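Undergrad: First, the structure itself, so that you have it in front of you.
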Amino acid sequence: MNHPAAGSEKTGFPLPDEMRQAIIAHARDEAPRECCGIISGKEGHPVQLYRARNIADGNNFYELDPAQLIQFEFEIMPASGTEIVAIYHSHPVSPAYPSSTDVKLAYWTDAVYVICSLADPDRPEVRGFRIDDGDITEVDLAASS
Amino acid sequence: MSDSVEITILVPTPLRRFTDGQAKVGVKGATVADALDDLNDRFPGIGERLLDDDGQIRRFVNIFVNGQNVRDVDGAQTNLKSGDEVGIIPAMAGGRGL
């Protein structure tokens with residue numbers, strides 16, 4: 001199987017500051033609900049951020065609208081020669097770390113899961129992880145591209 | 001009859017490891033369930049990711065036929081006709097807690 005070697009391109013994900021700020025803004029707009037969206041890219045590098053609809057009920061869960069997701073995956077990304085390289089969502093009152101629910105439902109194993117915490121409203125925190133078969137690996141969002 | 005109904009399956013990135021990297025796969029089937037069975041015959045192992053033991057679409061999988069979610073039609077028993085595109089999309093979901 002194709003397991004990336006240690007030190008490969010999968011260890012970092014260079015998130016531009018404007019995308020980081022856009023994620024924080026989306027999280028604040030959507031609070032107390034969780035927000036969600038995706039980042040398109042090429043070869044693991046981010047190109048464009050898309051806000052998406054969270055169709056889940058309540059404030060402790062997100063599910064990106066599958067009608068939007070199917071357009072992203074099969075229309076928008078192929079037309080632009082990109083792919084989904086990251087998925088972001090917010091944790092309005094909990095840490096920027098994958099919850100057990102995040103791990104259980106991490107089906108997009110090639111993407112970076114970016115989580116924005118508003119637990120300290122004045123100091124939002126944004127971190128990124130790869131989640132694969134229950135294993136959580138933090139990725140360096142400050143990595144140079 | 002199902003052998004005459006030719007369908008295109010759109011395979012999402014996370015499941016392309018089952019399809020040798022192919023994003024589109026041609027199958028045959030008169031219903032969504034039949035088409036997914038044929039897909040699994042060609043690429044063993046993918047079917048159990050999509051349907052549960054009762055043959056129902058898994059909670060965190062969505063299947064669209066020509067852009068319509070089959071949960072709004074007849075689920076796995078939704079009828080297909082030649083030329084239909086069946087898009088598979090695993091959920092992007094999670095959060096602080098269920």
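Any read-out appearing in this document is the output of simple, stated calculations on the displayed coordinates, not a laboratory observation. For clarity, every value in this text was computed on a predicted model and none was experimentally measured. Every residue, glycine as well, gets a Cβ built from its backbone with ideal geometry; the counts of neighbours run over all protein chains shown.
Undergrad: Filter the trypsin sites (Lys or Arg not before Pro) in the stretch B:1-74 to those in DSSP coil with at most 12 other Cβ atoms within 10 Å of their Cβ, and list the result. List each step's numbers first, then the result.
TA: Values: sites: B:Arg16, B:Arg17, B:Lys24, B:Lys28, B:Arg42, B:Arg49, B:Arg58, B:Arg59, B:Arg71; in loops: B:Arg16, B:Arg17, B:Arg58, B:Arg59.
Within the stretch B:1-74, the qualifying trypsin sites (Lys or Arg not before Pro) (loop, at most 12 other Cβ atoms within 10 Å) are B:Arg59.
Undergrad: Once R0 is set to 35 Å, what does the formula 1/(1 + (r/R0)^6) return for the Cβ-Cβ distance between A:Ser100 and B:Ser4, expressed as a FRET efficiency to the nearest 0.05? Write down the numbers at each step before the final one.
TA: Working: r = 47 Å, r/R0 = 1.33.
In this case the efficiency is close to 0.15.
Undergrad: In addition: Please report the base-10 log of the normalised intensity I(q)/I(0) for the stretch A:13-139, using a Debye sum with one equal scatterer per alpha carbon and no solvent, at each q in 0.15, 0.17, 0.23 (1/Å).
TA: Values, matching the q order: -0.64, -0.83, -1.56.
Undergrad: Can I get the semi-axes of the stretch A:68-145's equivalent ellipsoid? Compute them from the C-alpha gyration tensor as square roots of 5 times the eigenvalues, in angstrom, largest first.
TA: Working: eigenvalues 109, 44, 36 Å².
Each semi-axis is the square root of five times an eigenvalue, giving 23, 15, 13 Å.
Undergrad: Evaluate E = 1/(1 + (r/R0)^6) for A:Ala25 and A:Asn59, where r is the Cβ-Cβ distance and R0 equals 25 Å; express this FRET efficiency to the nearest 0.05. Write out the running numbers ahead of the final one.
TA: On the way: r = 18 Å, r/R0 = 0.74.
Taking R0 as 25 Å, the efficiency between A:Ala25 and A:Asn59 is 0.85.
Undergrad: Sequence-distant or interchain residues sharing an amide H contact under 5 Å with B:Arg58, placed H: which?
TA: B:Leu51, B:Asp52
Undergrad: Now, a different point. R0 = 25 Å: FRET efficiency of A:Gln48 with A:Glu75, Cβ-based, nearest 0.05? Please list the in-between numbers first.
TA: Working: r = 14 Å, r/R0 = 0.57.
Given R0 = 25 Å and the Cβ-Cβ separation, E is 0.95.
Undergrad: Residue by residue, what Karplus-based ³J(HN,Hα) values in Hz, rounded to whole numbers, does the stretch B:10-16 have, using 6.51, -1.76 and 1.60 with θ = phi - 60° and x for Gly and Pro?
TA: Each residue of the stretch B:10-16 in turn: 8, 9, x, 3, x, 9, 6 Hz.
Undergrad: Compute the Rg to Rh ratio over the protein assembly as shown from the alpha carbon atoms, using the Kirkwood formula for Rh, and round to two decimal places.
TA: Details: Rg = 18.4 Å, Rh = 18.6 Å.
Computed over Cα atoms, the ratio is 0.99.
Undergrad: Oh, and also: Treat each spin label as a single point 7 Å out from the Cα along the C-beta direction, and report the A:Asp110 to B:Val73 distance in nm.
TA: 2.6
Undergrad: Taking the inverse of the average 1/r across all pairs of different Cα atoms in chain B, what Kirkwood radius in Å do you get?
TA: 13.5
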